[in-house]
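The values are calculated or read from the model by the stated rules, or taken from the named source; none is laboratory data. Predicted model, so just to flag it, every value in this text is computed and none were measured. Methodologically, a virtual Cβ is constructed for each residue, glycine included, from the backbone with ideal geometry; neighbour enumeration extends over all protein chains shown. Calculation scope for accessible area: heavy atoms of the full protein, side chains included, ligands and nucleic acids excluded. Shrake-Rupley method; radii C 1.70, N 1.55, O 1.52, S 1.80 Å.
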Amino acid sequence: GAMFETDLLNQLQTSRYIENGDIDVRTHLANLVVIKERLAEIGFPVSDTSFASYIRTSMSLATSFKPLFTTLATASRTAGKPTTSDQLIWHLTDEANSNAIESNINKQHEAMLSAHTKSKGDSSNFKGKPKGKGKSKDGRHCGNCDKDGHMDDQCFSEGGGMAGKAPKWWVKKNGGKSKGKGKG
């Protein structure tokens with residue numbers, strides 16, 4: 001009995017919640033409650049004040065909960081009553097839920113922003129003629145006619161890979177003129 005009691009008390013005293021660790025806050029707190037209940041079952045009840053202290057100590061490495069502990073301590077001093085373990089568990093669980101919701105919202109916003117940024121800069125969505133001089137956004141530049149949007153092997157101008165195979169719209173648009181390097 002005494003060994004088991006000592007082991008359980010040691011677990012209660014040394015248990016620590018680690019942010020982004022293997023278990024979430026709710027599971028950590030539930031584990032502490034189970035240890036407290038086992039101690040009570042074997043005739044070694046833990047006072048509520050001590051249990052609340054063990055909870056606070058177990059959460060000491062979790063920096064995101066420090067503002068909550070400061071607020072609860074201030075409220076406790078103002079009210080002249082200690083925060084009970086049930087109140088502490090409720091507030092910690094509520095804070096963990098709020099943090100999880102905020103984290104999910106932030107992840108959704110990041111995903112939407114990332115998708116929006118990619119669509120703005122994605123050249124595969126580019127329609128129409130490239131504006132101005134220089135290389136096209138899709139990186140294709142014809143060395144035959146010196147235009148963007150296609151390569152030499154796709155060029156309809158004289159000297160290009162498709163010379164003499166131009167569709168009617170291209171011939172009409174270009175007035176039948178060949179603008180390859182062979183013409184000056």
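Details
- Within region 48-99, restricting attention to residues that are among the acidic types (Asp, Glu) and touching a helix residue (DSSP H, G or I) at 6+ places or on another chain (Cβ under 7 Å), the residue that is farthest from Leu12 (Cα to Cα) is Glu95.
- First in region 130-154 and at pLDDT below 60, second anywhere and outside any loop (DSSP other than H, G, I, E, B) and surrounded by 13 or more Cβ atoms within 10 Å (Cβ to Cβ), Cβ under 8 Å, 6 or more apart: Pro130/Asp148; Gly134/Asp148; Lys135/His141; Lys135/Asp148; Ser136/Asp148
- Scanning region 80-111 for residues that are β-branched (Val, Ile, Thr), under 28 Å from the mean Cα position of the chain (by Cα) and open to solvent by less than 50 Å² (accessible area, probe 1.4 Å) turns up Ile89, Thr93.
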